[in-house]
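Read-outs throughout are calculated quantities, based only on the coordinates presented, and are distinct from any laboratory measurement. Keep in mind that what you see is a predicted model, and the values were worked out from it rather than measured. Here the Cβ positions follow ideal geometry from the backbone for every residue, glycine too, while neighbour counts run over all protein chains shown.
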Amino acid sequence: MANLLPQCTKCGSPVTDSLEHEIEQHEKIKAGSYIKGVWTCNDCIVTSQRQEKKDQEVQQDTIGVASKSDVSPNTPTADEAGL
């Protein structure tokens, strides 16, 4: 029966959006969602969301104050630009 179900695009597990709790406990078929034309199991969705959150935190940590070497010598200062 699992061969008749669509597969998660990330992990390849059989996935469906209507799943009895008892069947899910055997871990042969995973609950998931059909989003933007692809099936993804809930486990992969959660993992993806966690990774996106980590990526955002890392990106926020890496943004800092610009140094003189980051700015072109031809760039006018705020005073010169009339800001």
What's the ranking of 29-38, 70-79 by average number of surrounding C-beta atoms within 10 Å, highest first?
29-38, 70-79
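What ranking do 9-15, 53-59 get when scored by the average of other Cβ atoms within 10 Å per residue, highest first?
On the way: 9-15: 16.9, 53-59: 9.7.
Going from most to least packed, we get 9-15, 53-59.
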